[in-house]
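We did not get these values from a lab; they are worked out from the coordinates using the rules stated. These numbers come from a predicted model, not from an experiment. Virtual Cβ from ideal backbone geometry, glycine too; neighbours counted across all protein chains shown.
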C-alpha cells in the first residue's frame, strides 16, 4: 500500500509568480485536504476535495485554488505569490469526507523571495 | 470560532519517564473530535490518538493516553515510558465540521537519554 506522496520536496519562487504543488493520495482514498504550515505554527486548513469537487474551504483568498483528478490525486495552485506564502504545504488523504482517518504526506517546503 | 491552545511551546522528559502535554480548546459545539498528532523532523504528521467528545472514556493507545475534561475543554496527552523516538513536535487538533480541522501551535518534546 503506497502512502501519501507530495512533489516537489522543496521549491523556491519569486514574489508574483505562480506555483503548483502535487499530491498523490493513499490507495483507496477519495478525499484530499490541503494545509499551510507556517514556520513555528500549526497547520491551517486551506481546502478539501472529495470526488473531484471542492467541498470545504478555510480562510484563504481565491488565489489559492486546487484540482482533484479522477485518480484522486490533487494539485494546489497559488497565484500572485506573496512573501507570507512561504510555508510547508501539507496534503492529507482520507477514505471519505470523514477526516478522522487522515494520512499526511511529507509536505512541500515553499520559499517565496 | 473554535481555537486550540497549547500553552507549552517546549517540554523535556527523561527517557523512560512520563510527560504530559497540555491542550485547551474553545467551542460552542457539543459534538466534535479531538486529536494529537506527532510531527518528527521528517515533517510527516502522524496521528497519535483520537477522542470523540461524546465518549466519556479516555482514549488510550499503548504508551499514549489522554485526559479529556469536556466541561473544562481540556485535552492533555500523557506519554508513559518515554522513548528517544518520541522526540517531535506534538500538535493538538479539533474538528467539528466535516472538513475543517483546527490545530494548536504545537509543543516541541525533547527526550533526554
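Some notes on this structure:
- For residue A:52 and residue B:26, the FRET efficiency from 1/(1 + (r/R0)^6), where r spans their Cβ atoms and R0 equals 35 Å, is about 0.55.
- Viscosity 1.306 mPa s, 10 °C: Kirkwood-radius Stokes-Einstein D of the range A:25-76 over Cα pairs, µm²/s: 138 µm²/s
- Part-to-part distance (alpha-carbon centres) for the range B:1-77 and the range A:18-56, which is given in Å: 23 Å
- Fraction of alpha-carbon pairs over 24 Å apart in chain A - percent: 17 percent
- Entry note, chain A: relative contact order of 37 percent, from Cα contacts under 8 Å with a spacing of 6+ residues.
- Partner chain coverage, peptide B:91-102 - average Cβ within 10 angstrom: 6
- The Rg/Rh ratio for chain B is 0.96, where Rg is the radius of gyration of the alpha carbons and Rh is the Kirkwood radius.
- Shielding by partners - mean other protein chain Cβ count within 10 Å, residues of B:33-41: 2
- P(r), alpha carbons of the protein assembly as shown - 5 Å bins starting at zero, rounded %: 1, 7, 15, 18, 18, 17, 12, 7, 3, 1, 0
- Förster radius 45 Å - calculated FRET efficiency between residue A:83 and residue B:15, Cβ distance, rounded to 0.05: 0.65
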